[in-house]
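Participant: The structure follows.
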There are 2 protein chains.
Amino acid sequence: MALTIRDVAKAAGVSTATVSNVLNNTGKVGRGTHRLVLSAVKKLGYFPNAHARNLASRESRTLGIIVSDIENPFFPEVIKSFEVRARSLGYDAILSDTNYDTRRTREAAERMMEHNVRGVAVMTSEISLRLINEFARRRIAVAFLDLAPVKGYSSNLRVDYFSGMKQIVEYLYQNGHRRIAFVAGRPALKSNVARLQAYENCMRELGLEPGPVLPGDLRFEGGLAAGTALLKMTPRPTAVMAVNDLTAVGVIKALTKSGVRVPADISVTGFDNTRLAEYSNPSITTVDIHRDMLGRMAADALHELCSAANPRGREYQVSAELVLGESSGPASQ
Amino acid sequence: MALTIRDVAKAAGVSTATVSNVLNNTGKVGRGTHRLVLSAVKKLGYFPNAHARNLASRESRTLGIIVSDIENPFFPEVIKSFEVRARSLGYDAILSDTNYDTRRTREAAERMMEHNVRGVAVMTSEISLRLINEFARRRIAVAFLDLAPVKGYSSNLRVDYFSGMKQIVEYLYQNGHRRIAFVAGRPALKSNVARLQAYENCMRELGLEPGPVLPGDLRFEGGLAAGTALLKMTPRPTAVMAVNDLTAVGVIKALTKSGVRVPADISVTGFDNTRLAEYSNPSITTVDIHRDMLGRMAADALHELCSAANPRGREYQVSAELVLGESSGPASQ
DNA sequence: TAATCTGAATTAACCGTTTAATCTGGGTTT
DNA sequence: AAACCCAGATTAAACGGTTAATTCAGATTA
């Protein structure tokens, strides 16, 4: 059917092993032959079959990444930097999306095994313990996002939510805010819980009573609902911290629709520093958690686990940084 | 290393061929044996190696999709529906991102060949004719987005920009707008040119002079610059049509920052109906081009090309539909 | 009863690479 | 000149599946 290494070998008048050695730069081939083979490759327009390669070589050169929702603006940047880094480390990268669904998560994990990945970055909470163990059994390296305690063959990327939340709370405090509400996400997600707890701890550290805490869903709609609920509260909070940017956008939308001004009447903050924070009107005060670094570190973590002789999982810290926008200001008296 | 079909065969006390036939549901295996094999598969936790499968079976069951930028909010939804459809048609799907870069586009195309895809959806303009021909030579089905004339082994998905633009222009016209500016995208992209031409034609159809046309880049920054430029114009347009939503957001940002009210002073419209249009404050009047349908149709188009005995490329139409938001209204006098 | 048929299983070749083991022949060493 | 080396090539056995060709046992038919 398509071109094979044999065609190239024949065209160059050498054996397939020689062609393979040229393509893999093993340094076992003389200069003259090397050139000869390369020119045959180019002339024929030959590309090696990735499947045959993967099958024949002892070690797989594929990394996988599983995210919950590619439409969530948090992920594309992570995915991109993961792929770029993976490629520059010599890996092929494959992506699966779970859509927050348990069945799809299982299918995604199975796909990773079918594709014989060397390692996989798991950036979703829906994954079951059974699958995690299955990865371990197959000696597939795993990098979790805010999920697992570090075990033998898995590392963990820990976003420093506490520091991020602390920066927001202190900033608001310095601007005179004392009643600071929080719009949470679904407690099923570990990272949502971590964010909420960080908020509560930071409030207490400053001698403030946490709350009110409103339920949300990480989505625009949840922010809208929370914003509407906020309007009915007495005394009304002077600031609202949302669990992520999208929620903050919803809150702002609900508030401004009712004639409440942001930030003159209420300050609103987000989290994640997605592009949305910048696009929003007013732009959102938020926390940058370096998503590109996150993707890169995931690839690095997997590479480290894969290449170490006696791999030990590590804990990676991803720092967070306050980014001021137009959605926050001094507390209204 | 990992489990193979031989392990399963041994555990079930049958040959590998039987296991293969069970897994592929060829219907050549008796009921009893079938059950026996399945239980062995389950007990061992076996998953077939996708590479070996792809290599051994004559026909590849993989489809690829190449997009220019996964961070562009236009694409994630397209990718998602493409993958879902591909999977339900029995294909594995792989994704590559070109980052608007020619070299990366070439690498993406090569990756598709290396992975021996059966067909590929090309949703970027940077692709070269040489690569397109290479696809044809290898009998790889191709589905283009707004790009190629239909040839033998490729189909084309044509978004009805004209209808979309017409709906916006007529809506603005009915609301009293006569001076309607346009913020374009980079002319290197076919779809940008199509949008611009549609705008110009629609204006002329209504007896209006097209223009001014401002340069943009499909990005927030371009919108910002265009918005700033607009403020200096006399007579100032009463409405601005942006080439996409992101640009519209930038335009709105620049205008409101200078105290110009949207839509009271100037109406602004976008295109694509990304979630951004909804999140924006004010929300954006835009055109929905059914991105989920786009992804699904791409997969369908490829499947059709792959499965037909004598494949003929087709032209697919993707309709467009006006979605009213808060960013537009009657023309200021 | 012998011949034939048929459904269900097996055998073995093949898919396109990699790679360990082997071969080859001219240059060094003694 | 015989013995030895070694860089540079080849040979052939995997890798984990699929599938056409083949075998086999039991049921059907003449």
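The values are calculated or read from the model by the stated rules, or taken from the named source; none is laboratory data. Note that this is a predicted model, so its numbers are computed, not measured. Backbone-built Cβ (ideal geometry, glycine too); neighbour counts: all protein chains shown.
Participant: Could you give every pair whose Cβ atoms fall below 8 Å, whose first residue belongs to the range B:74-90 and is farther than 28 Å from B:Arg219 by Cβ, and whose second residue is in a loop (DSSP other than H, G, I, E, B) and among the charged types (D, E, K, R), counting only separations of at least 6 or pairs across chains?
Facilitator: From the range B:74-90, the pairs are B:Gly90/B:Arg61.
Participant: Is it the case that the range B:199-206 has a residue that's among the hydroxyl-bearing types (Ser, Thr, Tyr), buried (at least 24 other Cβ atoms within 10 Å of the Cβ) and modelled with pLDDT of 95 or more?
Facilitator: For the range B:199-206, residues among the hydroxyl-bearing types (Ser, Thr, Tyr), buried (at least 24 other Cβ atoms within 10 Å of the Cβ) and modelled with pLDDT of 95 or more: present.
Participant: May I ask you to list the residues in the range A:1-38 that are under 20 Å from B:Arg138 (Cα atoms) and near DNA strand C (Cβ under 7 Å from one of its atoms)?
Facilitator: A:Met1, A:Ala2, A:Leu3, A:Thr4, A:Ile5, A:Arg6
Participant: Considering only the range B:235-262, how many residues are among the polar types (S, T, N, Q) and closer than 22 Å to B:Tyr173 by Cβ?
Facilitator: 3
Participant: Here is a further query. Among the residues of the range A:41-70, which ones are within 30 Å of A:Ser125 (Cβ to Cβ) and without any contact (Cβ under 8 Å) to a residue 40 or more places away in the chain?
Facilitator: A:Asp69, A:Ile70
Participant: Kindly indicate which of A:Val183, A:Val193 is under 22 Å from A:Ala254 (Cβ atoms) and either within 14 Å of chain B (Cβ to nearest Cβ) or of a type in the set (Val, Ile, Thr) (or both).
Facilitator: A:Val183
Participant: Which ones in the range B:19-32 are more than 8 Å from DNA strand D (Cβ to nearest atom) and in a helix (DSSP H, G or I)?
Facilitator: Once the filter is applied, which keeps residues that are more than 8 Å from DNA strand D (Cβ to nearest atom) and in a helix (DSSP H, G or I), the range B:19-32 yields B:Val22, B:Arg31, B:Gly32.
Participant: If you don't mind, another one. A:Leu36 - would you say it is surrounded by 16 or more Cβ atoms within 10 Å (Cβ to Cβ), more than 14 Å from every other protein chain (Cβ to nearest Cβ) and within 12 Å of DNA strand D (Cβ to nearest atom)?
Facilitator: yes
Participant: Filtering the range B:72-99 down to residues that are touching an Asp or Glu at 6+ places or on another chain (Cβ under 7 Å) and more than 21 Å from B:Ala301 (Cα to Cα), which residue is farthest from the other protein chains (Cβ to nearest Cβ)?
Facilitator: Ranking the candidates gives B:Thr98 first.
Participant: Right, something else. Pick from the range A:39-70 the residues that are away from chain B (no Cβ under 11 Å) and among the small types (Gly, Ala, Ser): which of them is nearest to DNA strand D (Cβ to nearest atom)?
Facilitator: Here the residue is A:Ala40.
Participant: Considering only residues of the range A:8-18 that are not in a helix (DSSP H, G or I) and not polar (S, T, N, Q), which is surrounded by the fewest Cβ atoms within 10 Å (Cβ to Cβ)?
Facilitator: A:Gly13
Participant: Can I ask one more? Report, by residue number, each residue of the range A:100-131 that is farther than 22 Å from B:Val84 by Cβ and under 18 Å from the mean Cα position of the chain (by Cα).
Facilitator: Hit for the range A:100-131 is A:Gly119, nothing else.
Participant: From the list A:Thr105, A:Thr62, which residue is within 14 Å of DNA strand C (Cβ to nearest atom) and either hydroxyl-bearing (Ser, Thr, Tyr) or modelled with pLDDT of 95 or more (or both)?
Facilitator: Testing whether each residue is within 14 Å of DNA strand C (Cβ to nearest atom) and either hydroxyl-bearing (Ser, Thr, Tyr) or modelled with pLDDT of 95 or more (or both) leaves just A:Thr62.
Participant: Continuing with the same structure: Which of the residues spanning the range B:277-316 are over 25 Å from B:Arg87 (Cβ atoms) and of a type outside the set (Asp, Glu)?
Facilitator: Hits for the range B:277-316 are B:Ala277, B:Tyr279, B:Ser280, B:Asn281, B:Pro282, B:Ser283, B:Ile284, B:Thr285, B:Thr286, B:Val287, B:Asn310, B:Arg312.
Participant: Another one. Kindly provide the set of residues from the range A:83-99 that are surrounded by fewer than 20 Cβ atoms within 10 Å (Cβ to Cβ) and under 15 Å from the mean Cα position of the chain (by Cα), ordered by number.
Facilitator: A:Val84, A:Asn99
Participant: While we're looking at this one, here's another question. Please name all residue pairs, on different chains or six or more residues apart, with Cβ atoms under 8 Å, provided the first residue is in the range B:1-16 and is within 14 Å of chain A (Cβ to nearest Cβ) and within 12 Å of B:Val37 (Cα to Cα) and the second residue is within 11 Å of DNA strand D (Cβ to nearest atom) and in a loop (DSSP other than H, G, I, E, B).
Facilitator: B:Ile5/B:Tyr46; B:Ile5/B:Pro48; B:Asp7/B:Tyr46
Participant: Within the range B:19-33, can you find the residues that are surrounded by 11 or more Cβ atoms within 10 Å (Cβ to Cβ) and either among the acidic types (Asp, Glu) or farther than 17 Å from B:Ser57 by Cβ (or both)?
Facilitator: B:Val29, B:Thr33, listed by residue number.
Participant: Would you say B:Arg137 is within 12 Å of chain A (Cβ to nearest Cβ) and more than 21 Å from B:Gly270 (Cβ to Cβ)?
Facilitator: yes
Participant: What's the number of the condition A:Thr102 fails, among (1) buried (at least 17 other Cβ atoms within 10 Å of the Cβ); (2) away from every other protein chain (no Cβ under 12 Å); (3) more than 13 Å from DNA strand D (Cβ to nearest atom)?
Facilitator: (1)
Participant: Right, something else. Let me spell it out: the conditions are (1) in contact (Cβ under 8 Å) with a residue 60 or more places away in the chain; (2) more than 23 Å from B:Ala229 (Cα to Cα); (3) surrounded by fewer than 17 Cβ atoms within 10 Å (Cβ to Cβ), and B:Tyr171 meets all of them except one. Which number is the exception?
Facilitator: All conditions are met except number (3).
Here's the yes/no breakdown for (1) closer than 21 Å to B:Pro73 by Cα; (2) at pLDDT 95 or above; (3) over 26 Å from the mean Cα position of the chain (by Cα):
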{"site": "A:Lys257", "(1), (2), (3)": "no, no, yes"}
{"site": "A:Thr269", "(1), (2), (3)": "no, yes, no"}
{"site": "A:Tyr279", "(1), (2), (3)": "yes, no, no"}
{"site": "A:Thr285", "(1), (2), (3)": "no, yes, no"}
{"site": "A:Ile289", "(1), (2), (3)": "yes, no, no"}
{"site": "A:Asp292", "(1), (2), (3)": "yes, no, no"}
{"site": "A:Met297", "(1), (2), (3)": "no, yes, no"}
{"site": "A:Ser307", "(1), (2), (3)": "no, no, no"}
{"site": "A:Ser319", "(1), (2), (3)": "no, no, no"}
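Participant: Quick one: A:Val122 ticks every box in (1) crowded, with 22+ Cβ neighbours inside 10 Å; (2) within 12 Å of chain B (Cβ to nearest Cβ) bar one, so which box is it?
Facilitator: (2) is the only condition that A:Val122 fails.
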